[in-house]
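Some notes on the structure that comes next.
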Protein chains: 2
Amino acid sequence: MAQTINVDLKRERTKTKFNVEELTNILDNGKENTAKRREMESSILSDKNLKDEIPEEYLSHKEKYENAIRKAVLLYRKMESYASQALSLQESQEFNFRNSIASAIFKEGSPLMLHFGMFIPAIQGQGTEEQIKKWLKRAINMEIIGTYAQTELGHGTFIRGLETTATYDAEKEEFVLNSPTLTAYKWWPGGLAHTANHCVVMAQLYTKGKNCGIQAFLVQIRDEETHMPLPGVKLGEIGAKFNFNTVNNGFLGFENHRIPRDRMLMKSAQVLKDGTFKASSNPKLVYGTMVYVRVIIVNTASSYLARAATIALRYSALRRQSKLKANEPEIQVLDYLTQQHKLFIAVATSYAYFFSARWVWRLYKKVTMDMQQGQVDRLPELHVLACSLKVLSSADCSSLIERCRLACGGHGYTLASDLPQLYALCSAICTYEGENTVLLLQVARSLVKAWEQAHKGATLSPSMAYLSDRSPVSAWDSSVDGIIRSFQKVSVGKLSEAVRSLKENSQKMSPEDAWNMTSVQLIAAAEAHARAVVLSIFKMEVENSMFAASAELRGVMTSLLELYVVYWALEKTGDLLLFAKLSEADVRALQRRYERLLTEVRPNAVGLVDAYDFRDEVLNSALGAYDGNAYERLMAEAMKSPLNQEPVNQTFHKYLKPFMRGKL
Amino acid sequence: MAQTINVDLKRERTKTKFNVEELTNILDNGKENTAKRREMESSILSDKNLKDEIPEEYLSHKEKYENAIRKAVLLYRKMESYASQALSLQESQEFNFRNSIASAIFKEGSPLMLHFGMFIPAIQGQGTEEQIKKWLKRAINMEIIGTYAQTELGHGTFIRGLETTATYDAEKEEFVLNSPTLTAYKWWPGGLAHTANHCVVMAQLYTKGKNCGIQAFLVQIRDEETHMPLPGVKLGEIGAKFNFNTVNNGFLGFENHRIPRDRMLMKSAQVLKDGTFKASSNPKLVYGTMVYVRVIIVNTASSYLARAATIALRYSALRRQSKLKANEPEIQVLDYLTQQHKLFIAVATSYAYFFSARWVWRLYKKVTMDMQQGQVDRLPELHVLACSLKVLSSADCSSLIERCRLACGGHGYTLASDLPQLYALCSAICTYEGENTVLLLQVARSLVKAWEQAHKGATLSPSMAYLSDRSPVSAWDSSVDGIIRSFQKVSVGKLSEAVRSLKENSQKMSPEDAWNMTSVQLIAAAEAHARAVVLSIFKMEVENSMFAASAELRGVMTSLLELYVVYWALEKTGDLLLFAKLSEADVRALQRRYERLLTEVRPNAVGLVDAYDFRDEVLNSALGAYDGNAYERLMAEAMKSPLNQEPVNQTFHKYLKPFMRGKL
């Protein structure tokens, strides 16, 4: 492998008009964090045992899992030393916004992911003090491995429809768990198949003959000594998937499986010894965890896209293809305006969601603090914001990752590019943790409510305040602020249309049918709101985060923001023509401005992705490595294929030769 | 496995308002063809040896290839008996439009695909009579296995940039093949890695010290006896991909590899013994094969989408989720308007491209016949049409497959749904056989030329004739024909804008730079043209093919067409507001009409996909099987995973237990 940097990529870096390290430090929230992150990445990722001799894509499904377990255990021990530096949970979460170590080690996810991501948080969030004392330490010390089982074969986002039952037996002071049907089987939880021996199970509680809704139970599912499934517990894996094949997603069925009463997580609702049910005092609190997960997800989506953009940008800088002028050499693909059109919006969007994630995280922290003092006013708004951002970030980032992949032509189709994997990882977000359409309908429900409240003169929450201003637009304003305000007008217009349709439909049918019949418009209104929100946040956050930055960097980020805003204006000309007094001449001007902005971003494009500072192990891409030796790396990756370890495959003798001789 | 049909699906089928078999027969071009197809499918697919005991997704990369070779050889022998029924190549191609047998057997493609798809056609199309006599029979009899090597590591769509050289040595009357650089390595050809022993190689011809452009050479690459790569030939596979992992895509490098002079395929260009080069008389003829492949591709894309739509529709009919009304049972997901919005356009689009493929195939046959009589006038038009349809069908079908996949929620993520595989297969079309953006720019080039010719009063080819009518639109016409005409106006408007920008830019820079600087607009104009073309073809073909159909079927297909047209009008309100006098009130009316059309199509939705008549083996989907027992099938598929063959995986003893005991 050539150790030199590809000349085209090198030249791009000299052309960059801003200090890349300055931007990296801003992304890390300070120089010290950059240093700390780099030190940790370099220390852990230099461990050869965490690398795969044969890339996982060549292994069988079973071998992949076994290799992932080997690495998961090793990684945990490595990370322990860093945990001792004792960051608070929030600090370490913030730090983890920029930590991609796990994805450098697990291309398809870790089988212990849900132990940390959901099992431990579920105990913390839903356990009593006594339960936390008993279970949390064992979980944190990895004496037990857990997961979290909610989704069933027959039920996903509609949680009230879950079928698993936990029936209280007051005589024995036990719950009896059952999966009354095939569709009641828990389905999907990571680590559930062969890894975890404990599990938080969401089930319909029955006590004294009455259904008391969905409650959480801490259930041992495998013997700690032998790892055999306990009696009455049926376990297995759900089979191969688009990605996440090393996460060990499993199924779980119960047949009269008994657990003691103290295994119901009773922080809010309780079942007393005699079977009396005490409901939760504040059901709104249940929002908390969901919001938390969705906030994290926005960051995850933006990080996947940032990786895809890094790969596609670097490759487009080093790939030369076709001559623009007969007597000149082939040009860098990145010099084609169509390629810039494909990729720069991907870069801009990765930043838009990076900043949105950080913004909503700060809001989450504030609202959580308020809640601890008994104030829950802003929780509903936060819920709507988290839903909106989760939906839009997952949808935008996955479609743009795919755009990046396709922009790399055939080579984007090879797993060695890592682009197919990034797409499969990111597009999963569209359906997990609340299916996007269902979430948009929840956003729409809040918007319709806010619309009516505003009509009655009520003050709306800050992120919806613009819905109160129903003054008509006077003229098209092409400034960045003006365009963002126009997007708010679009949101108002679409919501107003949807509400009008809803009312019309309500005259002809039941409210539920009217809601359904209007739902395509409601979703469009929710999307328009979410779009307006993201545009505002990006603007705000570029200004805030660039406040102390150098003029050069501020200039570059301002161009990127403008490109983002103008791109969306051109995508939504229909809406802007209808609701924001856009004219034909304005469309033409936007188009020219967009083309100018592409040219403006062009010299800094590689710098903008370099600033993400992804190590080659994280990118895991022959096309996107820092040195730009894409072709050498593609060949080197190909040579790792077990098929390439022998010149003639055995099937020649067994099948092809007799076949060609007419003997088969 | 329950042998009964899911009750919801059963009811859907009783509700269907048309005769499904009637539509199937129309798709097959007649009852007899339906019978013939079914007989062939049932005979071949009933062979147990062609089925996989363990689904391929659980095998290692190498095992997958070996299993595919086993099946490829077997399938060939099975198919031979049908080949003896002696259809002409065109007849069998037409018949194959509805034949999905291979995709029932190879989830990721056959390693012999390019032998039939490109090696044999290349010999037929580019060989002299003598060469055909010598090689074609051997190839057809499978005495040799071939492939077709054009793309290189460093060059794809820009064929003139290929680096492989074939230098004529007049003394020995041989060509000397070389790969002067790493990027010159042939990269991608199916079967090249370990399967083929012959290959048609595209290389830069040098004779008498001069470059004579790209020519085709028939090269033996492996020994027929031992299958070892011949001296001077470097072979291997290119590694794991998004899909097509059993196609055995390979690389090929040459180091002074010599072949006799008669291995250059000399139908058009020739090299005489003394090294004199004789150029081809009609270089336009080279269009022929490319057009052929692209025409076939339109059908392939529509068929992938038809499969995805079948799976998602059936699953949405059997899946019940969430209550619309508190006291009623959970409803079929298909009853949500948002779900109809996601899926019905997928159904309509699969039909649109099915009919477009058939239409352009007829045109192809006609133009080919004309060509045999020396008329090549319509070839450029056909080229533009094939490019337009290839681009739009691949882009639309892949994004709609993904929409179908996401509409199935989490279960759409499992490989047992077959939806991820369909997406990976279909989206590959966007970059192979001419990258979509490059093709759109070719279309744009023709449009700009046509625009200027029309300006000078020339008559344009039929599919571009509308570009001559530049009269302003008088009023919005909401009939289907009116909307289609409006889309032509959009195309005229966008092209006119692009030409204007091109001229403006040409004042400021070189023509090449101006072209590049305008390319985003040019691509938009090309897309608008392609969109107008597809809308017209779909309309025309629904009318033609339903001419003799029952009133019920005609009604259903007319609704589907209308839904398609109105959907696109709503997608493109921006363009229609600018170029077709659409008003705000019209947009509102279109939206209402669209919602009404969804309701209209609803009762026939399952019938419309049932009519495609895909066997369960072809669908290969737990979610989409005819009987609708999706949950039982998901579980049955999961149980095939090798990880599920033992209750405790060995990694528990090796890693997890010592880890949990703190000993690792």
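The values are calculated or read from the model by the stated rules, or taken from the named source; none is laboratory data. Please read these numbers as outputs of a predicted model, since none were measured by experiment. Positions of Cβ are generated from backbone atoms using ideal geometry, with glycine treated the same way; all protein chains shown enter the neighbour counts. Quick note on the areas: whole protein, heavy atoms, side chains included, nothing else; ligands and nucleic acids left out. Shrake-Rupley method; radii C 1.70, N 1.55, O 1.52, S 1.80 Å.
Please check region B:41-72 for residues whose accessible area, probe 1.4 Å, is lower by 30 Å² or more when all protein chains are in place than in their chain alone.
B:Tyr58, B:Ser60, B:His61, B:Lys62, B:Tyr65, B:Glu66, B:Ile69, B:Arg70
Roughly how many debye, to the nearest 20, is the charge dipole of chain B about its Cα centre, given +1 on each Lys and Arg Cβ, -1 on each Asp and Glu Cβ, and no other charges?
580
Pick out, from B:Gly236, A:Asn327, A:Leu112, the residue whose Cα sits farthest towards the positive end of the charge dipole of the protein assembly as shown, with +1 on the Cβ of Lys and Arg and -1 on the Cβ of Asp and Glu.
Sorting the options by dipole projection puts first A:Asn327.
Which value, in Å², gives the accessible area per residue of region A:255-342 when a 1.4 Å probe is used on the protein heavy atoms? Walk me through the numbers before you get to the answer.
Details: 3560 Å² over 88 residues.
On a per-residue basis, 40 Å².
Could you give the size of the charge dipole of the protein assembly as shown about its Cα centre, using +1 on the Cβ of each K and R and -1 on the Cβ of each D and E, expressed in debye and rounded to the nearest 20?
620
Could you name every residue in region A:209-255 that has 50 Å² or more less accessible surface in the full protein assembly than in its own chain alone (probe 1.4 Å, ligands and nucleic acids excluded)?
Those residues are A:Glu225, A:His227, A:Glu237, A:Ala240, A:Phe242.
Across bins of 20 angstrom width beginning at 0, how are the C-alpha pair distances of chain A distributed, in whole percent?
Reading upward from the zero bin: 16, 47, 31, 6, 0.
In whole Hz, what ³J(HN,Hα) sequence does region B:160-168 give by Karplus (6.51, -1.76, 1.60; θ = phi - 60°), x for Gly and Pro?
Taking θ as phi minus 60°, the curve returns 4, x, 4, 10, 4, 10, 10, 9, 7 Hz for region B:160-168.
What residue among B:Gln3, B:Trp135, B:Leu467 has its Cα farthest toward the positive end of the dipole of the protein assembly as shown, where the charges are +1 on Lys, Arg and -1 on Asp, Glu, each on the Cβ?
The Cα lying farthest towards the positive end belongs to B:Leu467.
What ³J(HN,Hα) values, in whole Hz, does the Karplus curve 6.51 cos²θ - 1.76 cosθ + 1.60 give for region B:177-194 when θ = phi - 60°, with x put for Gly and Pro?
Calculated HN-Hα couplings, in order: 8, 9, 10, x, 9, 5, 5, 7, 4, 4, 8, 3, x, x, x, 5, 5, 9 Hz.
Could you rank the peptides A:368-378, A:224-234 by their average count of other C-beta atoms within 10 Å per residue, with the highest value first?
Per-residue Cβ counts within 10 Å, averaged per peptide and sorted highest first, yield A:224-234, A:368-378.
How far apart, in nanometres, would the label points at B:Lys134 and A:Phe547 be if each is projected 7 angstrom from Cα along the Cα-to-Cβ direction?
Rounded to a tenth, the inter-label distance reads 7.9 nm.
About the Cα centre of region A:450-578, what is the dipole size in debye to 20, counting +1 per Lys and Arg Cβ and -1 per Asp and Glu Cβ, all else neutral?
Rounded to the nearest 20 debye, it is 300 debye.
Could you name the lysines whose alpha carbon sits less than 19 Å from that of B:Lys503, not counting residues in the same chain fewer than 8 places away?
List returned: A:Lys325, B:Lys449, B:Lys456, B:Lys494.
Estimate for me the total accessible surface buried between chains A and B (protein heavy atoms, probe 1.4 Å, no ligands or nucleic acids), in Å² to the nearest 100.
11700
Please list, in order along region B:270-280, the HN-Hα scalar couplings obtained from phi with the Karplus expression 6.51 cos²θ - 1.76 cosθ + 1.60 (θ = phi - 60°), rounded to whole Hz, x for Gly and Pro.
Using θ = phi - 60°, the values come out as 9, 10, 6, 3, 7, x, 5, 9, 10, 6, 5 Hz.
In region B:484-512, whose amide N lies under 16 Å from the spot 7 Å out along Cα-to-Cβ of A:Glu328? List them in ranges.
Residues passing the 16 Å test: B:506-512.
Let me check something: with ligands and nucleic acids excluded, how do A:His653, B:His194 order by accessible area (1.4 Å probe), largest to smallest?
On the way: A:His653 110, B:His194 5 Å².
The ranking, largest first, comes out as A:His653, B:His194.
Can you give me the % of accessible surface on chain A that is carbon or sulfur? Probe 1.4 Å, all protein chains present, nothing else counted.
Of the solvent-accessible surface of chain A, carbon and sulfur hold 53 percent.
Residues in region B:106-148, backbone N under 17 Å from the label point at B:Val376 (7 Å along the Cα-to-beta-carbon vector): list them, ranges by number please.
B:125-127
In nm, give the distance between the simple-model label positions of A:Val648 and A:Asn49, each being 7 Å from the Cα along the Cα-to-Cβ direction.
The answer from the label model is 4.2 nm.
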